[in-house]
Amino acid sequence: MSVSIDFGGDSLAGWIQHKSGISVQRCYQCGKCSAGCPASSDMDFAPSVLLRLLQLQNAESDQKVLSSYSIWLCLTCHTCSARCPMEVDLPKVMDVLRAESLRHKLVNKRAKDIVAFHKSFIDTIRNFGRLWEVGLVADYKLRTRHFWQDVVVAPVMLKKGKLSLIPLFHKKFVSRIFSGLRNREERA
Amino acid sequence: MSRIGVFICHCGENISATVDCEKVAKTLASMPGVAHSVDYKYMCSDPGQSLIRSAIKEKKLTGVVVAACSPRMHEPTFRKACAEARLNPFLCEMANLREHCSWVHAKGDATTDKAIDLVSMLVEKVKRNKPLFPIKVPVTKTALVIGGGIAGIQAALDIANAGQKVVLVEREPSIGGHMSQLSETFPTLDCSQCILTPRMVEVAQNPNITLYTYAEVESLSGFIGNFTARIRKKAKSVDEKLCTGCGECATACPIKKIPSEFNTGLGMRGAIYVPFPQAVPNKPVIDRSRCTYFKSGKCKFCASKCPAQAIRFDQQDEIIEIPIGSVVVTTGFNIKETSFFPEYGYGKYKDVVTGLQFERLLSASGPTLGEVKRPSDGTVPKKIVFVACTGSRDPAKGIEYCSKICCMYTAKHAMLYKHKVHDGDAYVFYMDIRAAGKGYDEFFRRAIEEDHVNYIRGRISRIYERNGKLIVRGADTLLGAQQVEIEADMVVLATAAVANDGAESLAQKLHVSYDAHHFFAEAHPKLRPVETNTAGIFLAGACQSPKDIPETVSQASAAASKVIGLFSNAELTREPIIAVVNRTAPPLFSTCVGCFMCQSACPYHAIEQEEIKTREGKLIKMVAKVNPGLCQGCGTCVAFCRSKSIDLQGYSNEQVYAEVMELLS
Amino acid sequence: MQALHQKAKELLESGKVQVIIGYGDGSGDRVRPVFISKAESASDLIWDDRCRQNLAVYLNKPEIKKLGVPAIVATPVVVKTIIQLISENQLKSSNIVVLVVDNDVVSELTDNASLEAYSAGHPVVFPPFVVKEIKDIAEMSIQQRNKYWQDELSRCFKCYACRAACPLCYCERCLTDNNQPQWVCVASHAQGNFEWHINRAMHLAGRCVECGSCTIACPVGIPIGLLTIEASRIVKQEFGQEPGLHCDADSAMSSFKVEDTETFIK
Amino acid sequence: MENNFEPKIVAFVCNWCTYAGADLTGTSRIKYATNVRIIRFPCTGRIDYNLLLKAFAQGADGVIVSGCHPNDCHYTSGNFHARRRWIVFKQMMEYMGIDMRRVKFSWVSAAEGAKWADIVNTTVNEIRELGPSQEYLEMSRQGVA
Amino acid sequence: MKIGLYPGCSLEGSSREYAESLRAIAPHLGLELEEIEGWNCCGASSAHQLDHTLSLALPARILAQAEKQKFPELLVPCAACYNRLASTKKDLANDASTRDKVTDLINMPYTGVTSVQNILEVLNLVLTPDVQKKIPAAFPHKVVCYYGCLLVRPASVVHAEKMEDPMQMDDLMKRIGATPLDWGMKTECCGASLSITRTDIVGKLCGNILEDATMRGAEAIIVACPMCHSNLDMRRKEIERVTGKKFSIPIVYITQAIGMALGLDAKSLGLHRHFVEVSVHGKNKVQQNVSSPSMAAVS
């Protein structure tokens, strides 16, 4: 199975270079990123393997990368890039990969929750200007139907005054940013 | 009035197939100043050359242009022919009608026109050529070898054994260098000290070698064959003539806890010490920065115990000046300390050691007498991790090159560890195994196959301590970069080999080039690997780039042979294509105003400042002066000179100007 | 001004210097350079806003050199010039006394370090009309620039007043006086003028301290200072080096960095 | 319309890299346009910008300046000095309104015979497009008049 | 010292005790906090996971607002917000076209004059020897300092002195009389951005941290990041489920530790809001409680 994904006539690696200035060809597969990555053992491809797939520059491996679970498990903790001998900014590569994965609708099934969470998060900001945790979790649960998750924690948080049931509205502060971004998308 | 002879070569048919040689010769014949113009099938043949020789004599030619192949091919041939006819060889120029014309263009008028242009351009040039004479410089037949490691020892012995004088300067109290610190050497596992120490003794005994230890080069001036070296002999605080090397002083010294450099901090020494038992010379020095007497004015225990009364607290540094003909730089390398590596604990874990420290732990003469013990608690490590490429091939840490020796010595370390600790586990984390060399790959395979060392392909992300164990986190890139965590007792980092401390400042003193990592630069990476860009200064060993012992020794012998070759002549002959600063009549003396832009432009430091004085010694002006021994004739200074006071013989302003004017006339 | 007179008097009386190069009253409202060798004439010195000419040009004139050790009343640009001259081995700070006046306080700059500190603290500021000229030319197309300079330079009749006024044109034999070969056409036609002016700019690249003396000196009003200012601007932009700041700096044009970048060498 | 204009091109090259590279073009029998004339210098560091001015004044339509690649200079650093000189010279000429498309700077090593042929051909084609050198020649014609 | 304050969303919600303790200690340290007006969320990790421009625009607006209020310095106590703000500042400084795009979006001028400071930098300035004199050895506990990711990485953004073994927090602890221990998890990740979605990974990573701290004999883990705090404090059930081990070590904000050293009461420091109890007995004693009563109440 292989679909052709278009990166402006380039490979995904070329696209990454174009978007972020990072050359994945710098990676010489020492594995230091994978060795230190806190999420590596839960990933379908370890970070250095992802880079290897990108280096191959063919549609099949590009698709493997974009539909991988790894890109959504990356915690952006920067441990990899801090120690990378070749100074490959892997977290930045991950940012590009996630954007491409969404754009090409290749998000890994197991990552739907994670994507849903981030979308809920941004929606919360869009609607309230600031993060309203109760609203965020409610929104996330609606998206994912994980109604029972965190039933243990939430009441305690409420009790301890860590959650407020009523949001404060600061939407006006960010409405311009979101409308600006939407206009831009529409233009594009 | 010029009388130029023009000789057009057909080169068989190589030129005449596309260029109308006859027409070229005819056209040139009518050019002003051309007294003779002929074409011939093979100018470089004997009859061709005699054509030139007889024309010079018969037509009293003042210059010759041979239009044939590339001057890079036959310029020496035709210049020699001219010289045989008693025409100064530098009055002969070549026009390149073959490589630059006939071979690259089709037959036709355009090609012949170009040929005419090329020849007439050279005619205009040669009209302005001046007779030049080879430059002769005398040679002082003493070599200076800087650095007394195995490279310096080898070079010094080779030169001395060829009957030439050598001055060997070593910064430390003893010669021997890093090789004296090593346990056994790959791939033969012979004992390093066993093969080295006899060579060290030979150095001390060779009558042609003057050895200065605890000494450094202050400056080097002059040029090939004619250098002057200033050497600082640091005060040893010991009269070497009286000292018998009995060692009573070191025993007497109350200070015992100074980390020994020779034992890489794993053993201790006193303030008065001999670095190691086989040291050459085997005489102590006082480390004044640590000595109680020098710090507080009291103690002198050593002096009171010295049977020879050789301690000299008032000794001063001594500067000596020596005339030198040639220099061999053999200052070696150093390794990065563990503190250089943040992710491996910034050097705070005692049981994380460098490869060189592990050599001392393996060495029979080392602080543990050859037993592998943890520096922290003296226990024998049962699980040990070796990490190759620590800092090497790591642009993020500023070291992008391969240190070359680590793959092999790591295999050796793991092997020797297994030989000493039979029930121990050894792991090696590596990226690639670089084992090119005689018997090298076989050696490293033995570590895996016979000594059962676990090789894991991947780099270590982090090391930290937990419950007295070192947690080593790596990945096995051959298993999809699966994470590997090892609870080790000890970790050996094969840290990057770097240029020795002070390499940069030494390079500046010697005016030799060096790379971004302060390794000295060879003149040509392939064809002149032991020469520097400064004539008369040669390189050997790890000061040029990291290398192992066999390679170091070969290079040292190569450098020595260059010195011996240089010293086989009474004087040196050099091409006179050099820059010259003009001299005019007083009161100007020279049009040079002494801005010395040329000085910073010159890659060879060949430009000096000359004082022009009245007869009474009053300074009139400062002008630039080219040292013909150093100038290589690039002419960069000429293009910079605003007042055109400096010019390049053979490519003078008048000559090149005339070429341009003629070409486009 | 009092302080300046006092200082000048002291310097001459003590014999520390033999001549003071400074500004004095000229005809009309103008100031002129004065060379004072007698202590009693110290009060001829003036110091006000009109004192702008780059007096450093006199330091290397043989007739001034003959007078002995000089002191010079220095504007910031004079200090820069002196630093540049020191870096080019034309002067030594030990053989000259540099006087700077700030709020009627006169200070002596006697060594390289104090000259450098003063220079660093007093950057050159162009008058607005120069800023405008620079901007106008920068915005021209190459054809417009060609026409602009052809028009401007057509007035040049090679009087070399620019050369005489420039404190950094100190060669004893100028390139133009060299006829073997004739690098610069003698005639003051378009080619000869172009050759002269681009050589002047190239020779002052990374050296011009932007004092404007050449423009002021030009009898036919060509803004020739713009050429050397541009040359120094290029050097600063490309190599990050500025003249007149460091006494031991290598000239930007006779040194290099391996990292120098360009895009046009293929 | 056929372009019959044959530009005159002068090449200022260093002895060790580009001159040798052009030799290799010859030994490899790679053909290129006849319009170029090579003048040999020991090093690009020796090449005075005044020679370029003179070439144009004498009627050259284009100039090639070529030497060793950075770090490959036979004299270690002559080409680095040259590079600085050309960086300033090129901008200065453009500031004075001279079209520097007529000057081609390049690095050609002793191994780049094909590159040399390519540089010559490209330069000849580009100069042919630009037409005969006018602006500079006009200046020198004024001198004659 | 007067300084602008960007509290960030967490400090108004799940980590309000961080804000409370910061405000409580501020006057004692001579620190005058002025909250930035009309602030918005910085976008945290979600924005840059999905939309690069948004991830710059949200922090840029905050920075522009700080400029508008003429704050030369802006204190950002939340490590995550700090990281986003500092990294946005760097990106905008390095890339003019992005800067133009972003200032257009937020419709506010932005020049980048405000310096962004994290809690450690500010505390380092204000916890002076004079202040120290008031608290001689008032917090005599063995602690481990947990920096996590966002205060030390990436180096180009945060300029941490010793990225792999930072000491700023340890140094502050020494100043209030505590004994900071060397340990192995100083800069390991707690799994913050997966805290809702992959609690099992969070459980595993936090388990490692708690285990190492406990093993070294620490009485508390000191933190300066709301993400780290909530993961380490509130996720104990999950941690126990994943690791099969029970941990009782409390997680204390650095501001709370300083507050205790200053002798402030537990309530004003928000200690009661923790899941894992931080008992304050006698002279500011941090007591390890074996099982969390509050947790027990829920389960």
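No lab work stands behind these numbers, since they all come straight from the coordinates. Just so it is clear, the structure is predicted and the values come from calculations on it, not from any experiment. Ideal geometry is used to build each Cβ from the backbone, glycine not excepted, and the neighbour counts take in all protein chains shown.
Give me the percent relative contact order of segment C:128-254, please, defined on Cα pairs under 8 angstrom at least 6 residues apart.
Contact order relative to length: 24 percent.
What is segment C:48-180's relative contact order, in percent, from Cα pairs under 8 angstrom and six or more apart in sequence? Spell out each step's value before the answer.
Numbers: 93 pairs, mean separation 32.0, N = 133.
Relative contact order of segment C:48-180: 24 percent.
Taking the Cβ of each residue in E:Thr111, A:Thr144, B:Thr18 as the centre, tally the other Cβ atoms inside 10 Å and list the residues starting with the fewest.
Ascending Cβ contact count within 10 Å gives the list E:Thr111, A:Thr144, B:Thr18.
Based only on other Cβ atoms within 10 Å, what is the fewest-to-most ordering of C:Glu172, E:Glu37?
E:Glu37, C:Glu172
Hey, what angle do you get for helix C:128-138 against the long axis of chain C, alpha-carbon based, 0 to 90 degrees rounded to 10?
Approximately 20 degrees, to the nearest 10.
What FRET efficiency comes out for the pair B:Ser554/C:Leu67, r = Cβ-Cβ distance, R0 = 51 Å, nearest 0.05? List each step's numbers first, then the result.
On the way: r = 67 Å, r/R0 = 1.31.
Computed FRET efficiency for B:Ser554 and C:Leu67 comes out at 0.15.
Quick one: work out the % antiparallel among DSSP beta bridges in segment C:2-121, nearest 5.
65 percent
Quick one: compute the contact order of segment B:335-498, relative version, from alpha carbon pairs under 8 angstrom and 6+ residues apart, as a percent.
30 percent
Between C:Val125 and C:Gln18, what length in nm is gained on full extension when 0.36 nm per residue of separation is reduced by their alpha carbon distance?
Roughly 35.3 nm would be gained on extension.
Collect residues whose amide H, placed 1.01 Å from N in the peptide plane, falls under 5 Å from the amide H of D:Ile64; neighbours closer than 5 in sequence don't count.
Counting only residues 5 or more places away or on other chains, the set is D:Val10, D:Ala11, D:Phe12, D:Lys104.
Output the 0 to 90 degree angle, nearest 10, between the alpha-carbon long axis of helix E:16-25 and the longest principal axis computed from the alpha carbons of chain E.
In chain E, helix E:16-25 runs at an angle near 90 degrees to the longest axis.
So which aspartates and glutamates pass the test for B:Lys382, namely a Cα distance under 17 Å, with those fewer than 8 places away in the same chain ruled out?
Partners found: B:Asp351, B:Glu371, B:Asp423, B:Asp425, B:Asp451, B:Glu465, B:Glu485, B:Glu487, B:Asp489.
Could you check the simple spin-label distance between B:Asp501 and B:Arg583, using points 7 Å along Cα→Cβ, in nm with one decimal?
4.8 nm
Helix C:2-14 versus the longest principal axis of chain C: what angle, 0 to 90°, nearest 10, using Cα atoms?
80 degrees
Rounded to the nearest 0.05, what FRET efficiency do B:Lys41 and D:Arg101 give with R0 = 56 Å and r taken as the Cβ-Cβ distance? Could you check?
0.80
Once the cut-off is 19 Å, how many percent of the Cα-Cα pairs in segment B:246-355 end up in the long-distance tail?
Considering segment B:246-355, 61 percent of its Cα-Cα pairs are separated by more than 19 Å.
Suppose the chain between B:Lys382 and B:Ser304 were pulled fully straight at 0.36 nm per residue; how much longer would it get relative to their current alpha carbon spacing?
Gain in length upon complete extension: 23.4 nm.
Once each part is reduced to its C-alpha centroid, what is the distance from segment C:26-104 to segment E:136-198 in angstrom?
Cα centroid to Cα centroid, the span is 62 Å.
Measure off 7 Å from each Cα along the Cα-to-Cβ vector at C:Asp104 and C:Arg50, then give the distance between these two points in nanometres to one decimal.
Going by the 7 Å Cα→Cβ label model, 2.0 nm.
May I ask which residue of C:Tyr118, C:Gln191, C:Asn54 lies farthest towards the positive end of the charge dipole of chain C, with charges of +1 (Lys, Arg) and -1 (Asp, Glu) on Cβ and the Cα centre as origin?
Comparing the listed Cα positions along the dipole, C:Gln191 ranks first.
Where in segment B:572-617 are there GluC sites (Glu not before Pro) that are in a DSSP coil and have at most 13 other Cβ atoms within 10 angstrom of their Cβ? Let's see the in-between values first.
Values: sites: B:Glu608, B:Glu610, B:Glu611, B:Glu616; in loops: B:Glu616.
Those satisfying the criteria are B:Glu616.
Rg to Rh ratio, the protein assembly as shown, alpha-carbon atoms and Kirkwood radius?
1.01
Can you give the calculated 222 nm mean residue ellipticity of chain D, where each DSSP H run of n ≥ 4 adds -39,500 (n - 2.57) and the sum is split over every residue, rounded to the nearest 500 deg cm²/dmol?
Calculated mean residue ellipticity at 222 nm is -14000 deg cm²/dmol.
How far apart, in nm, are two points set 7 Å out from the Cα along the Cα-to-Cβ line at A:Glu87 and at A:Asn58?
Modelled inter-label distance: 3.3 nm.
With θ set to phi - 60°, apply the Karplus curve 6.51 cos²θ - 1.76 cosθ + 1.60 along segment B:571-581 and write out the HN-Hα couplings as whole Hz, x wherever there is a Gly or Pro.
My calculation for segment B:571-581 gives 9, 9, 10, 10, 4, x, 7, 9, 7, 9, 8 Hz in order.
For the residues B:His518, A:His78, what sequence is obtained by ranking on other C-beta atoms within 10 Å, fewest first?
Fewest-to-most Cβ neighbours within 10 Å comes out as B:His518, A:His78.
Which aspartates and glutamates, if any, have their Cα less than 14 Å from the Cα of C:Lys16, not counting same-chain residues under 8 positions apart?
Partners within reach: C:Glu108.
Excluding same-chain residues fewer than 8 positions from B:Lys233, which aspartates and glutamates have a Cα within less than 17 Å of its Cα?
Output for B:Lys233: B:Glu170, B:Glu172, B:Glu216, B:Glu218, B:Asp287, B:Asp314, B:Asp317, B:Glu318, B:Glu321.
Using Cα centres only, tell me the gap between segment C:114-171 and segment A:129-163 in whole Å.
70 Å
Which loop GluC sites (Glu not before Pro) in segment B:433-538, with loop taken from DSSP, have no more than 16 other Cβ atoms within 10 angstrom of their Cβ? Present the calculation step by step, with values, prior to reporting the outcome.
Working: sites: B:Glu442, B:Glu449, B:Glu450, B:Glu465, B:Glu485, B:Glu487, B:Glu504, B:Glu522, B:Glu531; in loops: B:Glu450, B:Glu522.
When the GluC sites (Glu not before Pro) of segment B:433-538 are filtered for loop state and at most 16 Cβ neighbours within 10 Å, B:Glu450 remain.
Would you mind getting me the FRET efficiency between B:Glu575 and B:Ala106? Use the beta-carbon distance for r and R0 = 35 Å, nearest 0.05.
Working from the Cβ atoms, E equals 0.40.
Do any of B:Lys404/B:Lys526; B:Lys283/B:Lys350; A:Lys92/C:Lys266; C:Lys266/E:Lys101; E:Lys133/E:Lys267; A:Lys92/A:Lys119 go past 28 Å between their Cα atoms, and which?
B:Lys283/B:Lys350; A:Lys92/C:Lys266; C:Lys266/E:Lys101
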